[in-house]
1. Counting Lys +1, Arg +1, Asp -1, Glu -1, what net charge surrounds B:LEU429 among other residues with beta carbon under 13 Å of its beta carbon?
2. Could you size up the charge dipole of chain A around its Cα centre, putting +1 on the beta carbon of Lys and Arg and -1 on that of Asp and Glu, and report it in debye to the nearest 20?
3. Which value, to two decimals, describes the C-alpha radius of gyration of region B:76-204 once divided by 2.2 N^0.38 Å?
4. For region A:296-431, what is the relative contact order in percent, using Cα pairs closer than 8 Å and at least 6 residues apart in sequence?
5. Amide H of A:GLY369 versus every other amide H placed in the peptide plane: which residues, excluding those fewer than 5 positions away on the same chain, fall under 5 Å?
6. Hey, fewest Cβ within 10 Å first, where do B:ILE438, B:ILE118, A:ILE15, B:ILE367 land in order?
7. Given contacts defined as C-alpha pairs under 8 Å and at least six residues apart, what's the relative contact order of region B:567-681, whole-number percent?
8. In whole Å and largest first, what semi-axes does the C-alpha gyration tensor of chain A yield when each eigenvalue is scaled by 5 and square-rooted?
Amino acid sequence: MKHLEARLSIALIMIHSLFLINNAGDLFLEKHWKSVISRSVCDYFFEAREKAVEPDNVPPVIRTPHHYLINIYREKIFFVSVIQTEVPPLFVIEFLHRVAETFQDYFGECSETTIKDNMVIVYELLEEMLDNGFPLATESNILKELIRPPTILRTMVNTITGSSNVGETLPTGQLSTIPWRRAGVKYTNNEAYFDVVEEIDAILDKSGTTVFAEIQGVIDACVKLSGMPDLTLSFMNPRLLDDVSFHPCVRYKRWESERVISFIPPDGNFQLMSYHISAQNLVAIPVYVKQNINFFETGSSGRLDITVGPKQTMGKTVECLVVTVHMPKVVLSANLNATQGTYNYDPVTKILVWDIGKLNPQKLPNLKGSLSLQSGAPKPEENPSLNIDLKIQQLAISGLKVNRLDMYGEKYKPFKGVKYVTKAGKFQVRT
Amino acid sequence: MRAPPALSASAPRNGSRDSVSALRRSASSAAAEMSASSAFSDEKGGSASEPEYGHDPASGGIFSSDYKRHDDLKEMLDSNKDSLKLEAMKRIVAMIARGKNASDLFPAVVKNVACKNIEVKKLVYVYLVRYAEEQQDLALLSISTFQRGLKDPNQLIRASALRVLSSIRVTIIVPIMMLAIKEAASDMSPYVRKTAAHAIPKLHSLDPEQKDQLIEVIEKLLADKTTLVAGSVVMAFEEVCPDRIDLIHKNYRKLCNLLIDVEEWGQVVIINMLTRYARTQFLNPNINESLLEDSGEKAFYASDDEEDEDKKAEAATLAKRKPYVMDPDHRLLLRNTKPLLQSRNAAVVMAVAQLYFHLAPKAEVGIIAKALVRLMRSHSEVQYVVLQNVATMTIKRRGMFEPYLKSFYIRSTDPTQIKILKLEVLTNLANETNISTILREFQTYIKSMDKDFVAASIQAIGRCATNIGEVRDTCLNGLVQLLSNRDELVVAESVVVIKKLLQMQPEQHSDIIKHMAKLIDNIQVPMARASILWLIGEYCEHVPKIAPDVLRKMAKSFTNEEDIVKLQIINLAAKLYLTNSKQTKLLTQYVLNLAKYDQNYDIRDRARFIRQLIVPTDKSGALNKYAKKLFLALKPAPVLESPFKDRDHFQLGSLSHLLNAKAGGYQELPDWPESAPDPSVRNVEIPEWSKCTSRKDRKEKKVEKPFYSDSEGESGPTESADSESDSGSGSESASGSEESGSGSESEDSGEESESEEEEEDEEDQKKKRKKLDKTKPKKPVVESAESEQSSGAEDRKRVRKAVKNQKSASESESESESSESDDESEEESEEESESDTDIRKKKAPVSKQPPKQSKKESKKETQEMSLLDLDDFEPSPASAPVTPVNFLSSSLVSDLEGLSLTDTILAPTTIAPSGLIKMYELLHRITGEGLGVEYCFSRQPFSPDPNMVAVQIQFTNNTNSETKNLHIEEPRLQSGMRIREFAEIEVLAAGESVTVVMGIDFCDSTQAANFQLCTHTRKFFVSIQPPVGELMTPAFLTENDFKKEQGKLMGMNEISEKLTLGGKCVNEHVIVERVTATANLSRVPCGSDKECRFAGKTVSSGCLVLVTVATKDTGGAQLTVNCEKMVIGTMLVKDILQALSQ
């Protein structure tokens, strides 16, 4: 009996297998960290996929008689992992996203083609990232020392000299307390760039009042500094940030006590921090939208009239303005006239995209015209909501400002820069 | 297409003959991959790096070519050129990746396990791990290589040898594995030790008999002091011996302290393990809380619902004997995990959140809400999991997420599953105060195109209605309106929900039942039809005429109905037979006959059973007598509750919680112990610690790992447990702050980048900036006035007001001065810039006032201001409000807005004659020991703050002595409510009375404002509860405006009620008087003399309130109230009804 009990508890393992499945339902890669699980287990996934209609709607956790399938959908690929026992689902989800990010980092994009083209490297990566189903090395700096990213040049050199893509020694980062940085980094130009990117998430109601608005910000860094620099980034107004998350390199203590970000940066591109300025604070809404969408009871037609204008732009120009409308199914076509930019209505996906470009406050862009509906069908109940996309350069809409960046621990003088961008995140206007 | 395989088969031969040239070519072809032309295909086929090339599925004759291809792979593997081997291995791995069987290559591959080329070796490892289990005998050939590898001086090779050795699932090598693990566990390289920890569960699953030995290794590794090992060994612990909690004791404090530096994945595992550990070792921190409230056992039971009664009682008595003190180790865990809420890894954040939810005192759990809300911005899968957990948490701790209500609002682009979860959270968060906003949100959701989501929204409305009595009628009305929706699904769902709601109070709603009975002709959705039939059957006495008719119709269509509908028809028939057998006897017989021959045996059974039960025959037994009781018993109304109720017995964040079912290997979260186990088990003998914390060791750490340097205080395990004080702020941090303080460098908005020059003269910069400040405000004047944002300074000022106390937040924009962080200098800079603008100059005399002034000064100041103020209706000059500091700014606003205010001040006085104002008692003169206090709602706008309701308070001193220092203290208010106190009354002479005015912002709710009224000797608890009618001010609308606004407030925002006018309500005049007495509304002109219209706005949020009283010739009337705030609307209807029916 005791033996049996033991038998039951032995199957513990976090991620058992991974299947990559494309949007069309082709399974194009499988990797098992333990004994092989037949790919037929994916049938349960396919079933759920079919039921969900949209790929977004596939439940992240699917239960099958003997396994659990935890999947993510990214870049038109489903990463389906097979789990046998209790494991925090977020653990797996977060890991799968990390895998996708690593692919992106290595191959420039994470798509079916690039994965197929680099099948062997993908396999080597997966082998390094998970050992017996438990994450082993997920820091891209460590991985890059173990398995060098492919470049055409390197492939050539390797083939000629017989050297390989695989590192022969243990990455230095793996042993240190700063696993994210490799040792012996050298640059001729030492530079550190920070991009403060803020996205406005908002819901505006029919009359233009803000139902809900908040700001999601990230600071992306591109740090190319030699040696072991110790950086300190301070803000003019750190108290603006009440909810932040950091790259593991940031020292929490310093942030808590002094509100400065002190860190030894990873080499290259990374996301230093992200922050969230919640609905309680005042959020400036850069544009307003006047819209009038009507569907007529008879004649199976409708009218659409949208005008976009600047609201609180802090004196900056609004660029890359795009309005996207998910039309009701009955809308067959749109015959519109845009005073600025171009519009495109895709009758298959029922998505109307109006690409405006730069917003000119003197001459407000307007899109106007008629919609034709499927004859005979009842008029849609609800007007479609508008999704706005925009970009404002050189402005962090929350007012966040970097004060200064100091470097300790190295002698040279780095070149430093900060850029601000505001974008629309999930910016929706209800109609 | 047949050509390539043949060619490729020939290629390797070619390659092995003159491999060098082939290689060169292959290199170039790999480089020019894209431009592959058919001319090159023969070379490429053999050696191109593109893996799938070799086995194009389109190539015919799979079997034969497969055979051949494997042949050529073997050949390549046998060659002595590494590059060829590599090529072959790459292709083999690609085959494995695609799920193709490559097992027949095993002998050829395994030979290469000792290959010098590390990449070939790695790929061979990959292959071995995949196929060793199937070919155990052959796999043994490789073992000696690994054994050699274990001794290699290179730690990476040692580690990977161990990894592969332990991954080969061949039982025969168990002893070798055991030996290797033991050796590796004491390896000097922490990386190898980590690998050893990883190998433990592998061996355990291969041979559970080794458990005891493995536990020894785990014990040893648990004592390891490197962060690298910690995560992996805890993982091994969790898999091999999760119940050996005793192994953790000695390492508990170390794990807590190392936690922050462990890699992310390890953190998750350790936190989850420590949660369980803490549940067995510490006492429930919330036991104490309820005892502190010192309200006896009853309150204790009421407030604590986590454990079952018996245990609670025991624990209570126990805790009473020994008051609860949190174990310092418990505190240590909470403190050390808290910063991890800021991790970028969602799994870590979730792990900490569940730890706090399960372990922290109630007061501290709140901090996790913010982090969880932040996660909602992440990938949709993360959102899905987080929302599931939030849904569970909101049931237990609603208050935690209430401030984030709006973060759960739904976007039309959200995936359906996310929408439904958000809806769940919103429903859980609904309470009396926020229900109207939530219902308004729901109303927009109902119009969505996503029908599943609409159905869920309707159910959510139903749940809100059952949970919150105040809005039940409103919801019901709204749902009834949905019955005329064009979409059948919406109607059906509404029917189902209405059915449940009606069950709560059927008597009042017979008209709704009638309405639904009519719907039966149109609705086709079976569930909805069944619901209607059940409803009619259940309440057939309320609709005695319609019910038999419905049955008649149903009998006609019986054969075509769905099964659930048929069952309900039988039900209906039976119930009608029992209540109204005269009319329905034959119909019932007919239906039962039809059912008797139905295809579905359920229906046949039911028919037979019911016939026996209701139709008395000589054979039918005793049950017959009770038929009525059986069928027409009062049924309890269904409780609509969240599917997430009680899910929290699963550890949050776990798979089991997500599925609401126990997953294999789930470790139950133990209940708190009744008494704490001995805490000394976690003490560690001093010698061991002193070894680790010896100065030398520390020093080394400091030099080697600068990352530690600032968290030094915490990482020394000895200090951690009990000393909280000396944590992070070492000398380094102090200097850091100095530096950041002195820094005045800033990136000006225009610059994209700048190379910093430290030596730059700071003074110079400041000057420059001042200049900038001066020039900036002028620009906006030139620019067009319509762009709000450009009028920088003014705008900023406004923003500052909005955030008032968070001065720092708004300090941003272009004021570069703000690098000085302390408040005073901020204030200074503010003033500097203020004086620049013209508008500011006007205000200067007032706003120049430094906020940190002495009390005396401030009083004087406000006295002056009250002259400017327009509230000269205030009866006593003594009542000039004492100002809290922030009062200054807002009264300025009202100063500026004075002009617009005058209109509203003049107007209402004409409507609400003071004679009608009702006085309420605040303090009876007996309980007040001679001090009598009355109050009334003066219906004047409260000029210092237009969002407040003015309350006029009259103090009467009935004693023979003076009462001094009358003032208000300690207001206890609902969230959002504000109070503006009246000025302290210094002396109230005997027998005199005085009147003052105070302002209360009730937030448009009828919640009472509680505060203490203090004299120089006593304090009295008093509360002011406003009638709903006092929460509004008159609004002036024209008839057209009124109609337009009314049109906007239809649906759930409209409540109408029939009434019979009271005897005295003879004419229009009385009605107007009554209504305006009840509510502070103004009359709207109206063309028809049958109708009286009134309009007002709520004081706090300015929502329109429209009231219409339409009289009928018969003496009845129809009262209609349109208001966005449904609670207000509902309550107002009640009040006016009462006033009019008297």
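Each value in this text was obtained by applying a stated rule to the coordinates, not by laboratory testing. Please read these numbers as outputs of a predicted model, since none were measured by experiment. Cβ sites come from the backbone with ideal geometry, for glycine too, and all protein chains shown count toward neighbours.
1. +2
2. Value, rounded to 20: 1000 debye.
3. Its radius of gyration relative to the 2.2 N^0.38 Å reference: 1.03.
4. 32
5. A:LEU304, A:ASN337
6. B:ILE367, B:ILE118, B:ILE438, A:ILE15
7. 16
8. Semi-axis lengths for chain A are 42, 33, 21 Å.
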